[in-house]
Amino acid sequence: MATRMSDERPSNAGGRDAPCSGIRIDRRALLVGGSLAAAGLLTGSCRKLGRRGRSPVFVAGRQTYDGPLVATLRDGLIAGGLDLAAMRGKRVLLKPNLVEPTRAAPYVTTDPRVVRAAADVFRSAGAHVVVGEGPGHVRDTDMALDASGLNAVLVEDRIPFADLNYEETGWRPNSGRTSRLDGFHFPRSVLEADLIVSMPKMKTHHWTGVTASLKNLYGTIPGIRYGWPKNVLHHAGIPQSVFDINASLPRMIAIVDGIECMEGDGPIMGTPKPMGAIVVGTNGAAVDATVCRLMGVAPERIGYLALAADRLGPIDAARIEPRGDDWRTLARPFTLLDVPHLHGLRLGEPGSGTP
Amino acid sequence: MTRTWLDDCLDRLAARDVFAYRPGLPSASEPAAVSALALIAHGRIAEATRALDELERLHGAANRGATDREPARLAWESAWALSAWAFADRRGEPGARRRDASAKEALRVLMASSGKDGGETQSFVGHDPTLIAWPWVDGTHSWLEPTALGVLALKAVGRFDDRRARNGVRLIEDRQLPGGGCNYGNTVVLGQVLRAHLQPTGMALVAWIGEPSRSERVRTLDFAVRHWRAARTAPSLGWILMGLTAHGAWPRGANDALGQAARSPSAAGFGEYHIGLLTLAATGPSNPWLEDVRRAGTDADESIREHAVRLRSEEREVE
């Protein structure tokens with residue numbers, strides 16, 4: 001395995017080769033989609049859809065941070081198949097993306113108003129809500145909380161925060177087995193959560209093309225074991241480690257902040273891209289595939305989504321049940337960095353397999 | 001006499017048995033080391049013993065129980081232990097001598113750890129990836145913060161001129177951003193200049209303590225002088241102020257800023273780590289810890305020389 005930097009070139013970042021072909025997938029990874037149903041967290045209609053191989057994804061357009069986000073998220077979670085009545089007494093970990101916040105560029109990170117709205121929805125349902133994050137580039141988590149605006153919201157609403165970079169950890173075997181990693185040290189709050197809600201910002205990524213709910217779970221990996229950046233994962237391959245982490249953390253759903261997004265040189269140095277969208281679903285792969293289409297990117301060309309397809313969930317549009325607004329009316333192409341490893345990712349480009 | 005936030009914080013550190021990053025978490029090496037450094041720096045030497053012993057327990061337990069699933073104590077944590085124990089030794093902390101064997105082991109762990117050459121990445125990063133210092137985790141690239149901690153530890157034990165310390169100093173110079181300041185250790189990626197942050201900038205400046213003046217480092221000192229007021233949290237403020245102190249640039253208003261940071265609400269809560277950093281930085285323009293490290297560079301201090309000789313002799317026994 002070649003040595004790589006923090007923002008290293010992933011081995012299957014979206015080139016024309018079939019991503020990770022020939023990699024043997026552990027059967028446990030195939031069971032991820034069923035974990036939420038097994039835990040009794042999905043509605044009956046969603047379980048039926050799942051048996052037919054379709055996953056519902058809710059998209060809401062014309063959203064603003066000062067709008068009725070609580071109603072939007074509640075509608076989205078119900079439409080996405082989550083049984084809110086089953087959340088009473090459950091431990092819910094909201095995982096925003098605070099990778100490297102700066103007041104100068106709020107579109108880098110998940111907006112705190114979306115986190116507040118999600119906390120309201122789950123608290124209203126009787127869940128115990130904790131917000132947790134392990135920023136990948138900054139050791140000063142308090143700075144990340146402060147610069148992102150999240151600290152003020154959490155203090156005001158008395159929402160506890162779990163510093164995932166510094167918590168005590170427990171070992172969990174790698175259920176994905178596409179990387180050479182035997183397993184992962186996860187923070188206690190991650191291991192104890194009944195439900196993890198991945199809350200990424202909709203962004204381009206200069207190595208993987210797109211980052212959304214699956215890639216966001218890099219922030220569940222504790223810096224105290226893996227460093228800042230979490231270079232162990234980069235050395236193991238970004239698409240592979242994204243897949244493996246998600247395969248090892250099956251009870252994840254997604255709420256994507258697609259209101260003020262980032263294009264170009266994401267995930268840190270890109271430019272703002274207003275979209276006004278919220279995307280919600282109980283399957284991260286299906287949500288991320290929909291996010292890609294909103295961004296004008298072919299999901300099957302994104303390395304970790306190609307791995308996830310039909311293992312962690314569907315990415316084929318025919319196997320995703322659209323709910324809410326029609327994503328086709330909201331889609332606007334995102335500018336991708338003009339580098340060879342990101343060529344060929346666009347919907348409709350030769351080799352993308354998507355019209 | 002009016003009690004200050006500093007008195008309250010030092011009393012809290014002195015009374016603790018657990019030295020953690022956050023309330024409710026177990027002890028960890030870095031909070032224990034920072035707590036001990038702070039107490040000693042404020043002259044509360046005997047009260048630092050619990051933190052120093054806890055550091056020894058953590059370091060020893062980790063290495064005894066090392067397996068794939070529970071890896072050995074990481075080198076950057078050993079660096080913290082070395083720095084704290086060396087300061088305690090110099091300042092006459094009662095238990096210092098009985099930790100010599102642990103210090104020797106910490107030094108062995110630190111010296112055995114090394115980053116990987118990343119030469120093949122040269123075309124898309126702005127720094128020199130062939131420079132080798134310390135990684136966070138063995139088998140990966142060298143990064144700025146573990147390197148700063150490694151350099152500081154070697155300086156603290158009198159190895160100012162060690163090749164590893166020299167390489168570390170050079171690597172940190174190379175990881176400065178073009179406009180000054182540092183981040184975790186990437187400067188330019190795919191042609192894009194990245195952002196600086198105050199905590200790693202402060203750590204870089206502290207790691208350069210006692211080095212002869214070099215124009216290459218001026219831009220980072222300038223960055224710190226210009227931007228330190230943006231630091232509002234304990235890790236960033238503590239480190240950037242110590243970084244300025246290390247170069248004789250303790251700024252006006254620093255004490256007020258430290259007090260304000262100590263009183264600011266944090267959703268995550270303050271651990272001993274945060275209190276330790278604030279109180280350690282609050283020693284002001286003549287920080288005793290940094291002064292000891294600086295004196296180690298001149299090789300003029302008898303107690304540092306003696307400590308270094310003891311570590312070297314025990315190292316030979318291992319070999």
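The values are calculated or read from the model by the stated rules, or taken from the named source; none is laboratory data. Given the structure is predicted, the values throughout are model-derived calculations rather than measurements. Counting neighbours? That spans all protein chains shown, and the Cβs are built from the backbone with ideal geometry, glycine included.
Computed values, structure above
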item: Those residues of the range A:291-346 which are β-branched (Val, Ile, Thr) and either assigned to a helix (DSSP H, G or I) or surrounded by fewer than 18 Cβ atoms within 10 Å (Cβ to Cβ) (or both), in sequence order; result: A:VAL291, A:THR329, A:THR335, A:VAL339
item: Residues located in the range A:168-184, provided they are within 19 Å of the chain's Cα centre (by Cα) and under 11 Å from A:ILE221 (Cα atoms); result: A:PHE184
item: Enumeration of residues in the range B:233-265 that are surrounded by fewer than 18 Cβ atoms within 10 Å (Cβ to Cβ) and within 14 Å of another protein chain (Cβ to nearest Cβ); result: B:GLN260, B:ARG263, B:SER264, B:PRO265
item: Residue, farthest from B:ALA20 (Cα to Cα), within the range A:160-171, restricted to residues that are at the interface with chain B (Cβ under 7 Å from one of its Cβ atoms) and hydrophobic (A, V, I, L, M, F, W, C); result: A:TRP171
item: From A:GLY134, A:GLY126, residue being over 22 Å from B:THR233 (Cα atoms) and among the small types (Gly, Ala, Ser); result: A:GLY126
item: Helices (runs of 4 or more DSSP H) wholly inside the range B:258-319 containing at least 1 residues that are at pLDDT 95 or above; result: B:272-281, B:288-298
item: Residue check, A:ASP142 farther than 20 Å from A:ARG188 by Cβ and modelled with pLDDT of 95 or more; result: no
item: Unique match (being within 30 Å of A:ASP265 (Cα to Cα), in contact with a helix residue (DSSP H, G or I) (Cβ under 9 Å, 6 or more places away or on another chain) and more than 9 Å from chain B (Cβ to nearest Cβ)) among A:ASP111, A:ASP146; result: A:ASP111
item: From the options A:LEU94, A:LEU82, residue that is among the aliphatic types (A, V, I, L, M) and either within 14 Å of another protein chain (Cβ to nearest Cβ) or more than 19 Å from the chain's Cα centre (by Cα) (or both); result: A:LEU94
item: Flag if B:GLY158 is more than 7 Å from every other protein chain (Cβ to nearest Cβ), farther than 28 Å from B:ASP222 by Cβ and buried (at least 22 other Cβ atoms within 10 Å of the Cβ); result: yes
item: Residues being more than 14 Å from every other protein chain (Cβ to nearest Cβ) and closer than 19 Å to A:ASP140 by Cβ - total across the range B:1-32; result: 1
